[in-house]
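To start, the structure under review is shown below, and the notes come after it.
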Amino acid sequence: MNIIKNANEPKISGGSKGLMIFKLLPYWPLFLSLFITAIVGAWIYLQITPQMFNAEAKILINEKKGAEEVNLEDPMSSNLSKKKSVDNEREVIVSSPIINQVVDDLALYATIYNKRFFASQMMYKDAPVKITIRDPKNLTPTKAKVNFTFNNAGIVIDGKTYSFNRWYTTPYGIMMFQKNATASAADERKFAFALTSPKKVAAKIASGVKVAEANKLSTILVVSILDENPKRAEDILNGILQVYNKNAIDQHNLL
């Protein structure tokens, strides 16, 4: 019996890749739809997810020589004293009295939103109105955002008009609405506001404030905070440092 061997056909370089492309070519509508879905999903994600802005400041901590004596014979005693002072001041900066004072001064318990199609955008200095609560500690937080519109006479909530610069008794507390001087009554955008307990706002801010040493040998602290609005982040940081400095001056005067 004779065995006939067929000659091997020469392999074409890249032939398998070419065949794979031809096999996948009929599915191009599926790939196109997946690509479009990914682009739309990324765009929606960017619209929903708020941007975060960083504000940073540096503060010099003065050592309190009168509070404790430094042992000149021990070179490590001055470093320990400096470290203790820095750690104490770090705790003071994020303490509840300072953060609570900033929340009350800036009325951070009331947040204004610009209602958009996908998500609401937080407003700050560009908000049409500013909301003030006479007694923030006793305010009733809103369960959901309260929609409103505004005009030259005041703001309208559920068909009722509230004039500017007047105190009103509402289900959330005694409130006053102040018009932003740069706001235009011709603006037809939809707005909403939300009220949050000052304690919760202060706790959130305190958790977001980062206090770190510039380096291990200095008494300079770097204070930073992240927030959705860059101007709001700056005002919060400036408020914290102002209250901190005021308390330090008051304590010095008391001593």
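The values are calculated or read from the model by the stated rules, or taken from the named source; none is laboratory data. Because the structure is a prediction, the values reported are computed rather than measured. Backbone-built Cβ (ideal geometry, glycine too); neighbour counts: all protein chains shown. To get the accessible areas, we keep the full protein, side chains included, count just its heavy atoms, and leave off ligands, DNA and RNA. Shrake-Rupley method; radii C 1.70, N 1.55, O 1.52, S 1.80 Å.
Ignoring ligands, DNA and RNA, what accessible area per residue does the range 137-214 give at 1.4 Å, in Å²?
61 Å²
Quick one: net charge around residue 197, please, counting Lys, Arg +1 and Asp, Glu -1 for every other residue with C-beta under 15 Å from its C-beta.
Local net charge: +3.
Using a simple charge model, +1 on the beta-carbon of Lys and Arg, -1 on the beta-carbon of Asp and Glu, nothing else, what dipole does the range 97-234 show about its Cα centre, in debye to the nearest 20?
Around 280 debye, computed over the range 97-234.
Going by average Cβ neighbours within 10 Å, how do the peptides 200-211, 158-169 rank, with the highest at the top?
200-211, 158-169
Do any GluC sites (Glu not before Pro) in the range 167-255 lie in a DSSP loop with no more than 13 other beta carbon atoms within 10 Å, and if so, which?
Those that pass, being in a loop and sparsely packed, are 188.
Starting from the Cα-Cα distance between residue 180 and residue 224, subtract it from 0.36 nm times their residue separation and give me the gain in nm to one decimal.
Gain on stretching residue 180 to residue 224: 13.0 nm.
Across 10 Å bins from 0, what is the distribution of all Cα-Cα pair distances for the range 87-139, in whole percents?
Spelled out per bin, shortest first, that is 20, 36, 28, 13, 2.
Once amide H atoms are built 1.01 Å from N in the peptide plane, which residues 5 or more positions from residue 228, or in another chain, come under 5 Å H to H?
53
At 0.36 nm per residue, minus the direct Cα-Cα distance, what do residue 249 and residue 142 gain on full extension? Give it in nm, one decimal, please.
Full extension of this stretch gives 34.8 nm more.
Probe radius 1.4 Å, ligands and nucleic acids ignored: give me the carbon and sulfur share of the accessible area of the range 86-187 as a rounded percent.
Solvent-exposed carbon and sulfur of the range 86-187 make up 47 percent of the total.
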